[in-house]
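Colleague: I'd like to ask you about the structure that follows.
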């Protein structure tokens, strides 16, 4: 089951920290992170990859990016 993190309206590093906190819990094997700026999208993706996760998909709709990461 995917866990969703709503980090819209937050600037870095907050979306990254929220993502890393969820990764550390070990409860989800898929996480969808909602962000609304390019910097957060890139930073969340980079942080996930650095922890051994992979970026499965990035969807953009109405200025909101849904970054889907999966356990590697």
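Colleague: How high is the relative contact order of the chain, in percent, with contacts defined as C-alpha pairs under 8 Å that are six or more residues apart?
Modeller: 33 percent
Colleague: Quick check: pseudo-label points 7 Å beyond the Cα along Cα→Cβ at residue 71 and residue 11, how many nm apart are they?
Modeller: Placing both labels 7 Å along Cα→Cβ, they lie 3.5 nm apart.
Colleague: To the nearest 500 deg cm²/dmol, what mean residue ellipticity at 222 nm is calculated for the chain from DSSP H runs of n ≥ 4 alone, each contributing -39,500 (n - 2.57), summed and divided by the residues?
Modeller: Calculated at 222 nm, the ellipticity per residue is -11000 deg cm²/dmol.
Colleague: What distance in nm separates the simple spin-label points at residue 50 and residue 27, each placed 7 Å from Cα in the Cβ direction?
Modeller: So the label points at residue 50 and residue 27 sit 2.5 nm apart.
Colleague: By its C-alpha gyration tensor, with a ≥ b ≥ c as the square roots of the eigenvalues, how is the chain shaped: rounded for a/c under 1.5, else prolate for a/b larger than b/c, else oblate?
Modeller: It comes out prolate by the Cα gyration axes.
Colleague: I'd like the FRET efficiency for residue 3 and residue 59, computed as 1/(1 + (r/R0)^6) with the beta carbon distance as r and R0 of 22 Å, rounded to 0.05.
Modeller: Given R0 = 22 Å and the Cβ-Cβ separation, E is 0.85.
Readers should treat all values here as calculations from the given coordinates under stated rules, not as data from a laboratory. It should be emphasised that the depicted structure is a prediction, and the values quoted were computed from it without experimental measurement. Neighbour counts are summed over all protein chains in view; Cβ atoms, including those assigned to glycine, are modelled from backbone coordinates with ideal geometry.
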